[in-house]
1. Among Ile120, Ile183, Ile207, Ile106, which is more than 17 Å from Ala424 (Cα to Cα) and more than 20 Å from the chain's Cα centre (by Cα)?
2. Can you name every residue in the stretch 441-483 that is crowded, with 20+ Cβ neighbours inside 10 Å and assigned to a loop (DSSP other than H, G, I, E, B)?
3. Within the stretch 19-38, identify whether any single residue is hydroxyl-bearing (Ser, Thr, Tyr), closer than 27 Å to Glu91 by Cβ and surrounded by 13 or more Cβ atoms within 10 Å (Cβ to Cβ), and answer yes or no.
4. Within the set of pairs 6 or more residues apart or between chains, which connect a residue that is more than 16 Å from Gln371 (Cβ to Cβ) inside the stretch 398-426 to a residue that is in a loop (DSSP other than H, G, I, E, B) and basic (Lys, Arg) with Cβ atoms less than 8 Å apart?
5. Anything in the stretch 233-256 that is polar (S, T, N, Q) and within 16 Å of the ligand (Cβ to nearest atom)? List them, or say none.
6. How about the stretch 366-420: which of its residues are in a loop (DSSP other than H, G, I, E, B), more than 16 Å from the ligand (Cβ to nearest atom) and surrounded by fewer than 15 Cβ atoms within 10 Å (Cβ to Cβ)?
7. Check Lys401 against each of (1) closer than 22 Å to Gln206 by Cβ; (2) out of contact with any strand residue (DSSP E or B) (no Cβ under 9 Å at 6 or more places or on another chain) and name the one condition it does not meet.
8. Would you say Leu438 is over 30 Å from Leu35 (Cα atoms), in a helix (DSSP H, G or I) and free of Cβ contacts under 8 Å to residues at least 40 places away in the same chain?
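Bear in mind that the values in this text are calculations on the coordinates, not laboratory data. Please read all numbers here as calculations on a predicted model, not as lab measurements. All Cβ positions, glycine included, derive from the backbone under ideal geometry; neighbour counts span all protein chains shown.
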Amino acid sequence: KKAPPGVICIFGITGDLSKKKLVPALYALYVRGYLAENFKIIGFARRDWSDEFTRQYFKEALMGHPFFNDRDADEFLAALFYHRSSFDDPEGYAALRKKLSFGGDIIYYLATPPASYSTIIENLGESGLCNLEGHNIRIVIEKPFGSDLETARGLNSLLLRYFKEEQIYRIDHYLGKETVQNILALRFGNSIFEPIWNSKYIDHIQITVAEKIGVGSRINYYEKSGALRDMVQNHILQLLSLVTMEVPTSFESDAIRNEKVKILKNLVPIKQAEVSHKVIRAQYVGGYLDGGYVKGYREEEGVKIDSTTETYVALKAEIASWRWAGVPIYIRTGKRLSRKLSEVAVFFKPVPETSLWFGRPSPAPNALIMQIQPDEGISLLTNVKSPGYSMELIKHPLNFKYEHSFGDELPEAYERLLLDALTADPVLYTRADELEALWAYITGIREAWDIVSPPVYSYLPGSAGPIMARKLPAEEGRRWRRL
Ligand code: BG6
């Protein structure tokens, strides 16, 4: 598929996301030949920049790009224009209209801080830019999409005042990752997994999204968000739904999203009385990491000294369905942990305790590990006979590594996602009802926290998280995978 002629109008072109992700992804699509010849990019922002300055700024930003070369970069950037306006000035939108008057599709991309979303949507709506004769129009919205169920609903209804659902693309960059899409390929493109993909054979599932970095320069956002909203509400619950959904009737966007929504609606809400028990929250304290001192979360500038914002959260999720009854899904995510790792681990039931293994250690349970990043790959942990004269078993992984099998670097998530938005394919974007189901689960936990105020535990930078988080699987006789 190739993007049809048109224009992408990026609100917030002067921000970090445009520099680090959006423009580089568009450049990769350009170099690979996925953009129509007369495709244009318009950057909408407040700063006093010119077309020339913007092109120069992005040329420097592209210099580290794996596909960078002078000629391609200049040709690509010749199609980039800057439009200066504040987001709440109707005249800025009227002037934009003139620049959009050539043919083709129009994609509005909201890459601004979320506080500006409603202003931009209203102005696009009221100026008629959401409804221009002869153009197919779509709008892409970055996360965070609301901060709880109510605000997400409010944003959805504002969007739906001016756009139809099929024009609205709510982004979750995890869905653009090659390895995340491979979860569906693995489950439904092979016949051996589906028959055992249920509570009869699966003991439990672990989802880990660990980071080594701290909160960095995003304190203002993060202080209000915390790990539960920042990572679980979107990326982790998306992983959970892909791993546990029923077989969709096709790979069409609605067939897949219908199944995801069913899972999300069947997540067992975590009640006030159990929140301290089923959800563990924590913050990193100051300490030494890779030989240097790193500040604790509460020491970071802009963080309140008594902040309860969690930089780590672990929880036990359950799905009320026949397939998943009694199969806990342990989730954990945090900043300043020992390493960067995103993975889904599906643990199978152990072999039965029979006299076959009497007097020997029973074999370790099998597990299927889907490593999302880094070292993208899949491994199936099996037991094999250790060579020698006796029947000793050792754990051995059957491995598939992207790097070994395919060599090349994997495409960036934003490349695939932008191409999908440009070609009007919403399969990897979040639908309104899906988004609300995600928020319903998270908002339940947040509200319980507000009432119960469970402890905020602490953990050292470079560790595997707070000690208390071990308790979640441990009290059911299980253990987290080593981080
Ligand atoms: C973002 C979060 O959505 O995902 C960040 O806001 C986080 O806090 C990032 O660092 C992680 O993404 P990735 O692709 O590096 O796993």
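1. None of the other options fit; the residue is Ile120.
2. Correct list: Pro461, Ala464, Gly465, Pro466.
3. Among the residues of the stretch 19-38, not one is hydroxyl-bearing (Ser, Thr, Tyr), closer than 27 Å to Glu91 by Cβ and surrounded by 13 or more Cβ atoms within 10 Å (Cβ to Cβ), which makes the answer no.
4. Leu419/Lys1; Thr423/Lys1; Thr423/Lys2; Asp425/Lys1
5. Across the stretch 233-256, the qualifying residues are Gln233, Asn234, Gln238.
6. Ser386, Pro387, Gly388, Tyr389, Ser390, Met391, Glu392, Gly407, Asp408
7. Of the numbered conditions (1) closer than 22 Å to Gln206 by Cβ; (2) out of contact with any strand residue (DSSP E or B) (no Cβ under 9 Å at 6 or more places or on another chain), the odd one out for Lys401 is (2).
8. So Leu438 fails the test.
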